């Protein structure tokens with residue numbers, strides 16, 4: 001019976017990973033297409049305007065969630081009363097937050113000495129209130145590992161919102177188009193999540209489920225706020241000590257980096273925690289599940305992100321105007337750090353699934369403090385944006401070891417075992433990109449044009465894929481054969 005349950009969970013997880021990958025991959029591809037069009041219409045200052053406001057919206061999103069979504073996913077026998085109570089609680093919190101941010105808009109504009117931020121902020125912030133209506137329906141779909149439905153929702157919402165953003169940009173509505181794109185996306189996600197989840201709220205509201213989940217969710221709330229600050233610390237600091245142009249330069253570099261690592265992180269995030277919850281309290285089963293997911297995540301994350309770092313210059317120059325060339329160097333560094341973010345996601349999802357939201361909270365706070373301290377030290381020493389980002393990447397990489405200390409306390413999974421799962425893919429990916437770089441380096445001295453950049457990028461990507469997969473096949477990597485086997489089986 002246990003083997004049958006394991007087999008069913010394995011198939012469900014594999015299917016979830018496949019659809020999550022397709023969902024995030026298609027989403028990021030469409031994001032890239034719309035982003036390229038907007039990149040050639042708008043300038044860096046336009047992106048800088050919205051980039052300054054993004055952190056406020058993300059922190060507000062974390063507060064409106066209040067950690068209850070993670071608590072619902074983590075709760076094995078959640079009832080309609082649980083979902084209903086969280087839904088109405090989120091609506092009330094979101095409305096209150098929007099009112100507060102509405103009246104804080106003049107203060108934000110004064111802080112950044114940019115009067116146009118006041119009306120933009122009041123308009124842009126309304127998007128997160130719209131998003132509050134989708135929180136519980138999406139939690140239900142995630143808990144049930146319905147990645148196919150989530151994939152369709154993201155694809156449709158992105159197509160519609162991207163089209164709206166481009167039309168507005170073409171009509172000289174600049175950063176208003178970017179803000180409206182976000183709002184339309186949130187609106188469509190809300191509508192579609194209700195349709196697919198088949199869930200409807202009722203007027204029966206009880207604070208009892210809120211009180212029961214508050215101990216867990218309150219720590220998740222604090223952690224999510226710190227996470228958003230950690231992820232957007234550069235936008236906050238650069239927006240204050242540098243110009244909107246520098247903020248826009250960083251925003252673009254980080255945007256393309258996020259498109260890469262978010263595809264993998266989203267795939268892991270959508271499947272890992274529900275899977276670990278269903279595995280239960282058996283340490284041996286948890287070790288096996290974690291080890292397998294760590295190998296798969298490393299197998300995908302390192303080659304994808306290292307390859308994106310390798311072709312960052314060609315990628316930017318192929319897609320954008322020459323004024324964006326300075327984003328390429330920042331993108332190199334960010335992509336290296338981005339390769340480790342899906343690994344960290346896997347670690348803290350297991351810790352959360354064990355109900356240890358306090359460990360998750362304090363570790364994220366400590367990591368955020370380390371990142372902020374490193375950045376401020378670099379700035380005080382006269383270092384530029386490049387040095388700040390390098391210090392950030394170093395903290396992200398080192399912190400994998402900190403995460404492992406807490407993971408070991410939960411499932412007794414040795415660090416050497418984790419290295420055995422990760423290092424073959426990390427070293428193979430690094431060696432592959434080094435080989436590709438030296439092979440193609442003589443071809444970099446061409447007449448600059450978008451076509452020549454595109455050709456070099458394509459050659460580097462195809463060559464890297466062939467070498468990486470070839471090395472793994474030559475050394476008999478089990479995860480590679482399992483992936484091919486699963487895909488061929490699905491095709492049949």
Legend entry - Least to most buried among 354, 122 (fewest other Cβ within 10 Å first): 122, 354
Legend entry - Proxy reagent accessibility, fewest Cβ within 10 Å first, across 70, 434: 434, 70
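Which of 285, 450, 203 comes first, and how do the rest follow, when ranked by fewest Cβ neighbours within 10 Å?
Ranked by crowding around the Cβ, least crowded first: 203, 450, 285.
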Inset, instruction - Please give the peptides 126-132, 471-477, 454-460 ranked by average Cβ packing (other Cβ atoms within 10 Å per residue), highest first, as a rough proxy for protection. - result: 126-132, 454-460, 471-477
Legend entry - segment 296-413 shape via C-alpha gyration tensor axes, a/c threshold 1.5: oblate
Inset, instruction - Assuming a ≥ b ≥ c are the square roots of the Cα gyration tensor eigenvalues, decide whether segment 242-492 counts as rounded (a/c under 1.5), prolate (otherwise, with a/b larger than b/c) or oblate. - result: oblate
Inset, instruction - Report the full-extension gain for the segment residue 206 to residue 291: residue separation times 0.36 nm, less the Cα-Cα distance, to one decimal in nm. - result: 26.6 nm
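Bear in mind that the values in this text are calculations on the coordinates, not laboratory data. This one's a predicted model, so the numbers in the text were calculated from it and none came from an experiment. Cβ sites come from the backbone with ideal geometry, for glycine too, and all protein chains shown count toward neighbours.
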